[in-house]
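Following: one structure in structure tokens, then a few remarks.
The values are calculated or read from the model by the stated rules, or taken from the named source; none is laboratory data. For clarity, every value in this text was computed on a predicted model and none was experimentally measured. When we count neighbours, we look across all protein chains shown, and the Cβ atoms used for this are built from the backbone with ideal geometry, even at glycine. Side chains included, ligands, DNA and RNA excluded: accessible areas come from the protein's heavy atoms. Shrake-Rupley method; radii C 1.70, N 1.55, O 1.52, S 1.80 Å.
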Amino acid sequence: MNPTISIVVAIFNRRDELFELLNSLTAQTDKAFEIIIVDDGSMIDLKPTIENFAGFLKIKYFRKDNSGPGLSRNYGARRAENEWLVFVDSDVIVEKDYVENIKKDILEIPCDAFGGADKAHKGFNLMQKAISYSMTSVFTTGGIRGSKKAVSKFQPRSFNMGVNKEVFEKVGGFSEMRIGEDPDLSMTLWENGFKTAFFDNIAVYHKRRVDFGKFSKQVYQFGCARPILNQRHPDYVKISFAFPTLFLIGYIMGFMEYFILGKGVILAFYGLYTFMVLFHALWVTKNISITGMAVIATYIQMFSYGYGFLKSWVLLNIFRMKPEEAFPSHFHKN
């Protein structure tokens, strides 16, 4: 039988992005799906935007007090009618064959949950394209994303993620984490014997953050979340998670070597790294302006994530703080 799909969108304020997402969903080649929009306490009225699409899409709209994306997705999932839950962020745009390909892949690739890649749309601005490069580059923490060859065991991310509803309910859905709730769910699925898969033909266009300051804060929070996830799921800890921190420490040591010893051996490696990122970004983006910003975004990602990881690791493992005490904003308040 053809799989049935409920698309769940948790949203806070992003009215313009919601319009673009819904507009892309009206163009689907397979129109047999429902959309559940959970307004997570937005400070602007989203109903007029949703009403524009009421005659074209099967939409259910719910508004609730703010609790963060994870619990809002759980709220939407409980109200879904169909067999498969598909979670997308409100700031994505999907191709016209998105739903069609999901259903086809579910039938062809046995799994309990799946995910796809993200990429930059040709209509995105230069900053968005540069940040998208950094978040998907082989030279950053994004190197494990976006390719079947790049991953051995894929962790679906909530900007483009599907889960069998029965399985989702068995593991309790998303946890109380506000940051890192999607890899937390993926590893919980593995621990309960469920299988995840990467679908390479369902990539979404993801807008992400629109300036370096917001991007730095976002990846810093991701870095803080990783040691928390390591505590929750020790069987899936990898040394590669610490690479951005080692990158940051190495950079600091390089400057110390230069100013104290008058040598630049360590910094020479960073010069080589910068050249490789520059060359690769130019080859991928074919735009010199995007390339320059992509190099900056790459360093911001490595430094901010690395600092967040280091701070979190020290607080959790040296000072023995509980995650909820060290990073209260990373968890839902009950």
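The stretch between E176 and K195 holds 4.6 nm of extra length on full extension. This uses 0.36 nm per residue minus the Cα-Cα distance. Between I252 and K217, the FRET efficiency from the beta-carbon distance, with R0 = 25 Å, is close to 0.75.
Taking all Cα pairs closer than 8 Å and separated by 6 or more residues, the relative contact order of the chain comes to 19 percent. For the chain, the antiparallel share of DSSP beta bridges with both residues in that region comes to about 35%. Each of M161, M253 has its accessible area taken with a 1.4 Å probe; listed largest first, they run M253, M161. Once C-alpha pairs closer than 8 Å and six or more residues apart are averaged by separation and normalised to the residue number of the range 55-185, the relative contact order reads 37 percent. Computed with every protein chain present, the accessible area of R15 is close to 100 Å² [probe 1.4 Å]. Between S186, S72, S289, the residue with the greatest mean-square fluctuation in the GNM of the chain (Cα pairs under 10 Å linked by springs) is S289. Here's the picture: charge each Lys and Arg Cβ at +1 and each Asp and Glu Cβ at -1 in the chain, and of V86, L107, L310 the one pushed furthest to the positive end of that dipole is L310. When the chain is treated as a GNM with alpha-carbon contacts under 10 Å, the residue of M293, M43, M177 showing the greatest mean-square fluctuation is M43.
Note on the chain: GNM, Cα springs under 10 Å; of S304, S24, S132, the largest mean-square fluctuation is that of S24.
In terms of its C-alpha gyration tensor, the chain comes out prolate, because a/c is 1.5 or above and the ratio a/b outweighs b/c. Over the range 209-315, Cα pairs under 8 Å with separation of 6+ residues give a relative contact order of 51 percent.
Taking the Cα centre of the chain as origin and assigning +1 to Lys and Arg Cβ atoms and -1 to Asp and Glu Cβ atoms, the resulting dipole is close to 620 debye. Based on DSSP H segments of at least four residues, each scored -39500 (n - 2.57), the chain has a per-residue ellipticity at 222 nm of -14500 deg cm²/dmol.
Using a ≥ b ≥ c from the Cα gyration tensor of the range 174-255 (square roots of the eigenvalues), is it rounded, prolate or oblate, where a/c under 1.5 gives rounded and otherwise the larger of a/b and b/c decides, a/b for prolate? The shape class here is oblate.
Going down the list K58/K103; K170/K238; K31/K60, which pairs span over 20 Å between their C-alpha atoms? Over 20 Å apart, Cα to Cα: K170/K238.
Extending 7 Å from the Cα toward the beta-carbon at both M1 and D65 defines two label points whose distance is 3.8 nm.
The 1.4 Å probe gives accessible areas that order R157, R320, R226, largest first, as R320, R157, R226.
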